[in-house]
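Below is one structure, written out as structure tokens; the observations come after it.
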Amino acid sequence: MVVERNIYQQPGVINLIKHLIWDVGNLSTQHIELFRHELSADIQMAAKYTSIAVVGAIVAFTSLIFLGFSLIFVLNLFLPLWIASLVVTAIYLIIAVITVILAKNHLQNLKADTTLYETRKTMEDAKKWLQELK
């Protein structure tokens, strides 16, 4: 009579838990790498477009100075020079106040990027889960 032995044995519970913890640790490492990659790409893009915006702002500011002088000279045809200068300064001040108010309102309404938020939340969930396992 031939007795067959089962060569394939299922891994033990401890072995399964070790593999599970290793897999969760590996997944956490991959999430951290993904988070770093997303963050570095966002920072590089922000730096690039910020420098472009700064150059544009400098050119626009220079143009505004020349526009102001032009308006002063045009208003000087009808008003004394000091009144023309005050009128142009008041116009610039009103524009500046409106711009600051609009920028403040828009900055308050900004929301965090959802991808970074989801990655951060997943990392926190994985960390809590790992701590519960230990």
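The values are calculated or read from the model by the stated rules, or taken from the named source; none is laboratory data. All values derive from a computational prediction rather than experimental measurement. Ideal geometry is used to build each Cβ from the backbone, glycine not excepted, and the neighbour counts take in all protein chains shown.
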Residue 88: passes all of (1) in contact (Cβ under 8 Å) with a residue 24 or more places away in the chain; (2) touching a Gly at 6+ places or on another chain (Cβ under 7 Å) but (1)
Within the range 124-134, residues assigned to a helix (DSSP H, G or I) and either at pLDDT below 75 or more than 12 Å from residue 28 (Cβ to Cβ) (or both) come out as 130, 132, 133
For the range 35-80, the count of residues that are in a helix (DSSP H, G or I), more than 30 Å from residue 121 (Cα to Cα) and touching a helix residue (DSSP H, G or I) at 6+ places or on another chain (Cβ under 7 Å) equals 4
Of 133, 102, 107, the only residue that is free of Cβ contacts under 8 Å to residues at least 60 places away in the same chain and either over 22 Å from the mean Cα position of the chain (by Cα) or surrounded by 10 or more Cβ atoms within 10 Å (Cβ to Cβ) (or both) is 102
Listed by first then second residue, the pairs whose first member lies in the range 49-63 and is more than 17 Å from residue 95 (Cβ to Cβ) and at pLDDT below 90, whose partner is surrounded by 10 or more Cβ atoms within 10 Å (Cβ to Cβ) and among the aliphatic types (A, V, I, L, M), with beta carbons under 7 Å and at least 6 positions apart or on separate chains, are none
Residue set 77, 93, 71, 81; condition of a type in the set (A, V, I, L, M, F, W, C), surrounded by 12 or more Cβ atoms within 10 Å (Cβ to Cβ) and either at pLDDT 90 or above or touching a Cys at 6+ places or on another chain (Cβ under 6 Å) (or both); output residue 71
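Quick check on my filter: what residues within the range 46-64 are of a type outside the set (A, V, I, L, M, F, W, C) and more than 25 Å from the chain's Cα centre (by Cα)?
Scanning the range 46-64 gives 62, 63.
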Check your understanding: Out of curiosity, is residue 27 in contact (Cβ under 8 Å) with a residue 24 or more places away in the chain, out of contact with any Asp or Glu (no Cβ under 9 Å at 6 or more places or on another chain), surrounded by 10 or more Cβ atoms within 10 Å (Cβ to Cβ) and among the hydrophobic types (A, V, I, L, M, F, W, C)?
Key -> yes
